[in-house]
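Visitor: Before I ask anything, here is the structure I am working with.
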Number of protein chains: 2
Amino acid sequence: MLNSVLVHSPATLSNLGCGFDVFGLALAAPYDTIRIRRTAEPGVRIQHLDGYNLPTDPAHNVAGVAILSLLAEVPEQVGFDVEIIKGIKPGSGVGSSAASAAGAVVGANALLGNRFTKMQLVDFAMAGEMVASGARHADNIAPAIFGGFTVVRALEPALDILALPAPPLWVAVVHPQIEVKTSDSRKVLPAAVPLGLAVRQWANVAGLVAGFLTADYDLIGRSMEDYIVEPARLPLIPGLAEARKRAMAVGSIGGGISGSGPSIFMLNKSEAIAQAVGTAMGSVFAELGIEFNTYVGPVATEGAKVVSEA
Amino acid sequence: MLNSVLVHSPATLSNLGCGFDVFGLALAAPYDTIRIRRTAEPGVRIQHLDGYNLPTDPAHNVAGVAILSLLAEVPEQVGFDVEIIKGIKPGSGVGSSAASAAGAVVGANALLGNRFTKMQLVDFAMAGEMVASGARHADNIAPAIFGGFTVVRALEPALDILALPAPPLWVAVVHPQIEVKTSDSRKVLPAAVPLGLAVRQWANVAGLVAGFLTADYDLIGRSMEDYIVEPARLPLIPGLAEARKRAMAVGSIGGGISGSGPSIFMLNKSEAIAQAVGTAMGSVFAELGIEFNTYVGPVATEGAKVVSEA
């Protein structure tokens with residue numbers, strides 16, 4: 001029987017422009033690294049080997065809550081020691097909490113003989129996401145578990161997640177060091193949407209799915225436009241419009257706010273373009289005097305996975 | 001040079017449940033039959049060889065307006081004599097006006113050496129649709145021109161229509177003989193939609209596109225659910241809920257209101273199921289004492305087309 005596994009769990013983009021609360025995409029980098037050891041002692045013990053001062057009480061830690069949710073479905077006496085090294089900066093808008101929650105349940109599941117399906121793992125990890133954001137949502141959890149391009153079609157009455165293929169894509173993400181709380185970025189959203197605008201949005205949602213499934217880069221690009229959420233959040237992220245403009249000028253397909261921000265993502269056809277796009281976006285924040293990090297990497301075809309066992 | 005063509009132009013479903021104003025599907029039957037003759041005399045002359053008392057003044061006839069819109073882009077002196085036999089009953093909600101407009105421009109284009117693209121033909125035919133419904137929309141025109149499954153991704157700034165493959169599907173349509181005016185069925189629509197409901201709707205839109213492109217019948221079925229438009233129109237169509245219930249009981253995938261109604265469509269995996277579904281739906285209207293017509297046929301992979309030339 002396995003005693004210990006090391007898991008890598010990826011950063012993820014959610015929304016992808018038009019698909020608020022529905023679309024997700026897994027990134028090859030950055031990722032969280034999670035060591036999980038099976039123990040005879042029941043319960044979960046969390047240790048953070050990073051400098052972010054995240055809570056280690058398992059009832060308040062996203063990985064802890066996720067594993068406790070999984071353990072509620074396990075009849076035998078078992079527990080886990082969990083060490084987390086955050087490779088994904090909390091609050092950056094690329095699914096930091098989702099990565100820890102997803103990686104934790106993937107590791108625990110491996111130590112239990114992989115008895116749960118990916119859909120069940122999403123369900124467990126969503127309990128962790130609830131602690132981080134106050135809402136039970138799967139748009140980052142789904143790609144963190146399944147990899148690639150995901151659609152959260154329904155949460156109720158049953159969780160229904162579509163794991164769809166993505167054509168080769170290179171993603172450039174710029175994370176400006178400004179704080180945008182998920183709760184604040186939810187507050188600016190309209191309670192209701194004019195029907196005509198909703199129609200334009202779901203026309204783009206249809207276009208984006210078709211673009212991914214037919215590997216039509218132009219269609220992906222023009223379908224990402226978000227008529228509803230981005231206009232509301234634009235004031236929260238200085239530099240967004242200019243960063244996208246410069247990204248498009250060097251050949252990006254398109255992009256927007258990653259999740260609830262403040263990170264900005266752009267999709268690209270090649271690594272070379274993605275590097276140029278990262279540089280172009282960074283120049284905007286350098287000029288604004290805002291510190292920033294840049295990540296460039298391909299879409300991850302796999303979600304959180306065990307990279308070594310003992 | 002061709003002098004005359006005979007065109008068949010198909011009935012179409014629009015909306016397909018969740019995809020209000022965006023999705024369309026072409027049917028093999030019923031269809032309009034249109035004879036178009038090229039004339040040296042400019043302008044358009046319309047003759048209806050059916051009993052529906054539709055206007056024959058080309059400025060008020062959908063086919064006439066569509067051809068006049070096309071002729072505005074033709075430099076040479078040319079005109080057309082048009083004879084229309086409506087196979088599609090006006091007001092049934094399966095794209096009657098769109099079929100006449102689409103067939104007319106496809107025929108005129110053939111007589112002009114096919115100089116216009118399908119996207120241009122949609123644009124011309126939309127002028128005809130404007131006469132019929134007062135709105136410039138393409139959700140029936142697009143499948144009537146392209147065939148198969150279509151997505152109207154955008155009308156502005158440029159018309160953007162996606163013609164996507166559909167898996168083999170058999171459609172059962174029941175047309176209860178009750179009048180639902182397009183204008184009335186638009187009046188009952190909400191001006192605005194709660195954001196959460198819009199999200200659920202576009203999650204289904206994503207699911208439906210994925211279902212068509214991956215030939216996943218179950219996904220198509222569960223994604224068609226319409227949270228916004230059907231609830232508002234349900235009171236306009238007595239028998240709808242019961243008709244769907246009986247259709248599902250005999251194996252249908254799913255369905256809903258065709259366009260603005262009153263026709264009800266159900267998608268099915270086989271002709272045998274579609275026949276049973278048509279019978280099951282018809283039984284509801286028989287019991288209600290409402291006259292009805294039933295159409296059963298496959299999805300048409302082609303749109304309006306020339307079937308003979310002279």
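The values are calculated or read from the model by the stated rules, or taken from the named source; none is laboratory data. Quick caveat: nothing in here was measured; it's all calculated off a predicted structure. Glycine gets a Cβ as well: all are built from the backbone with ideal geometry, and neighbour counts include every protein chain shown. To get the accessible areas, we keep the full protein, side chains included, count just its heavy atoms, and leave off ligands, DNA and RNA. Shrake-Rupley method; radii C 1.70, N 1.55, O 1.52, S 1.80 Å.
Visitor: Given the condition of a type in the set (S, T, N, Q) and assigned by TED's automatic domain parsing to the domain that holds B:Ala59, answer yes or no: does some residue in region B:148-163 qualify?
Guide: Within region B:148-163 (the criterion being of a type in the set (S, T, N, Q) and assigned by TED's automatic domain parsing to the domain that holds B:Ala59), the answer is yes, since at least one residue qualifies.
Visitor: Every residue in region B:132-170 that is among the small types (Gly, Ala, Ser), away from chain A (no Cβ under 14 Å) and touching a Pro at 6+ places or on another chain (Cβ under 8 Å), please.
Guide: Answer for region B:132-170, where residues must be among the small types (Gly, Ala, Ser), away from chain A (no Cβ under 14 Å) and touching a Pro at 6+ places or on another chain (Cβ under 8 Å): B:Ala144, B:Gly147.
Visitor: Something else: In this structure, is B:Pro262 touching a residue at least 40 places away in the same chain (Cβ under 8 Å), under 22 Å from B:Lys181 (Cβ atoms) and touching a strand residue (DSSP E or B) at 6+ places or on another chain (Cβ under 6 Å)?
Guide: Spelling it out, B:Pro262 is indeed touching a residue at least 40 places away in the same chain (Cβ under 8 Å), under 22 Å from B:Lys181 (Cβ atoms) and touching a strand residue (DSSP E or B) at 6+ places or on another chain (Cβ under 6 Å).
Visitor: Now a separate question. Going by what's in this entry, would A:Ile290 be described as in contact (Cβ under 8 Å) with a residue 40 or more places away in the chain and either open to solvent by 10 Å² or more (accessible area, probe 1.4 Å) or assigned by TED's automatic domain parsing to the domain that holds A:Pro30 (or both)?
Guide: Criteria met by A:Ile290.
Visitor: For region B:183-222, how many residues are of a type in the set (Phe, Trp, Tyr), farther than 17 Å from B:Val152 by Cβ and within 7 Å of another protein chain (Cβ to nearest Cβ)?
Guide: 0
Visitor: Further question on the same structure: Tally up the residues in region B:237-296 that are more than 20 Å from the chain's Cα centre (by Cα) and small (Gly, Ala, Ser), please.
Guide: Number of matching residues: 15.
Visitor: List pairs: first in region B:191-217 and more than 26 Å from B:Lys269 (Cα to Cα) and open to solvent by less than 10 Å² (accessible area, probe 1.4 Å), second among the small types (Gly, Ala, Ser) and part of a strand (DSSP E or B), Cβ under 9 Å, 6+ apart or cross-chain?
Guide: If the second residue must be among the small types (Gly, Ala, Ser) and part of a strand (DSSP E or B), the pairs left are B:Val193/A:Ala192; B:Ala198/A:Ala192.
Visitor: Continuing with this model, one more query. Limited to region B:276-287, what total is found for residues that are open to solvent by 50 Å² or more (accessible area, probe 1.4 Å) and either under 19 Å from B:Leu236 (Cα atoms) or modelled with pLDDT under 95 (or both)?
Guide: The qualifying residues number 2.
Visitor: Something else: Right, B:Pro167: outside any strand (DSSP E or B), in contact with an Asp or Glu (Cβ under 9 Å, 6 or more places away or on another chain) and either modelled with pLDDT of 95 or more or among the aliphatic types (A, V, I, L, M) (or both) or not?
Guide: In short, yes.
Visitor: Can you name every one of the helices (runs of 4 or more DSSP H) wholly within region A:95-158 that holds 1 or more residues which are open to solvent by 30 Å² or more (accessible area, probe 1.4 Å) and over 16 Å from A:Ala63 (Cβ atoms)?
Guide: A:118-133, A:141-146
Visitor: Sort out which residues of region B:263-275 are of a type in the set (A, V, I, L, M, F, W, C) and open to solvent by less than 40 Å² (accessible area, probe 1.4 Å), and write them in order of number.
Guide: Across region B:263-275, the qualifying residues are B:Ile264, B:Phe265, B:Met266, B:Leu267, B:Ala274.
Residue-wise test of (1) polar (S, T, N, Q); (2) in the same structural domain as B:Val277 (by TED's automatic domain parsing); (3) under 18 Å from A:Ile161 (Cα atoms); (4) out of contact with any Asp or Glu (no Cβ under 6 Å at 6 or more places or on another chain).
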residue	(1), (2), (3), (4)
B:Ala144	no, no, no, yes
B:Arg186	no, yes, no, yes
B:Pro190	no, yes, no, yes
B:Trp202	no, yes, yes, yes
B:Val209	no, yes, yes, yes
B:Ala215	no, yes, yes, yes
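Visitor: Hey, can you tell me all the residues within region B:224-262 that are of a type in the set (A, V, I, L, M, F, W, C), buried (at least 20 other Cβ atoms within 10 Å of the Cβ), outside any helix (DSSP H, G or I) and more than 14 Å from chain A (Cβ to nearest Cβ)?
Guide: If the condition is that a residue be of a type in the set (A, V, I, L, M, F, W, C), buried (at least 20 other Cβ atoms within 10 Å of the Cβ), outside any helix (DSSP H, G or I) and more than 14 Å from chain A (Cβ to nearest Cβ), then B:Ile237, B:Ile253, B:Ile257 are the ones that fit.
Visitor: Still on this model: Filter region A:1-47 down to residues that are acidic (Asp, Glu) and under 30 Å from A:Gly211 (Cβ atoms) and give me whichever is most open to solvent (accessible area, probe 1.4 Å).
Guide: Of everything passing the filter in region A:1-47, A:Asp21 is most open to solvent (accessible area, probe 1.4 Å).
Visitor: If I ask for residues that are free of Cβ contacts under 8 Å to residues at least 60 places away in the same chain and aliphatic (A, V, I, L, M), which ones from region B:25-44 would you list?
Guide: The answer is B:Ala40, B:Val44.
Visitor: Follow-up question, since we're still on this one. Mind listing just one residue for me: the one in region A:238-265 that is aliphatic (A, V, I, L, M) and in contact with a Ser or Thr (Cβ under 9 Å, 6 or more places away or on another chain) and, of those, nearest to A:Pro298 (Cα to Cα)?
Guide: Step by step, filter region A:238-265, then rank; the result is A:Ile264.
Visitor: Separate question: So for region B:172-182 (the condition being of a type in the set (D, E, K, R), more than 10 Å from chain A (Cβ to nearest Cβ) and either open to solvent by 40 Å² or more (accessible area, probe 1.4 Å) or within 18 Å of the chain's Cα centre (by Cα) (or both)), does at least one residue qualify?
Guide: Scanning region B:172-182 turns up at least one residue that is of a type in the set (D, E, K, R), more than 10 Å from chain A (Cβ to nearest Cβ) and either open to solvent by 40 Å² or more (accessible area, probe 1.4 Å) or within 18 Å of the chain's Cα centre (by Cα) (or both).
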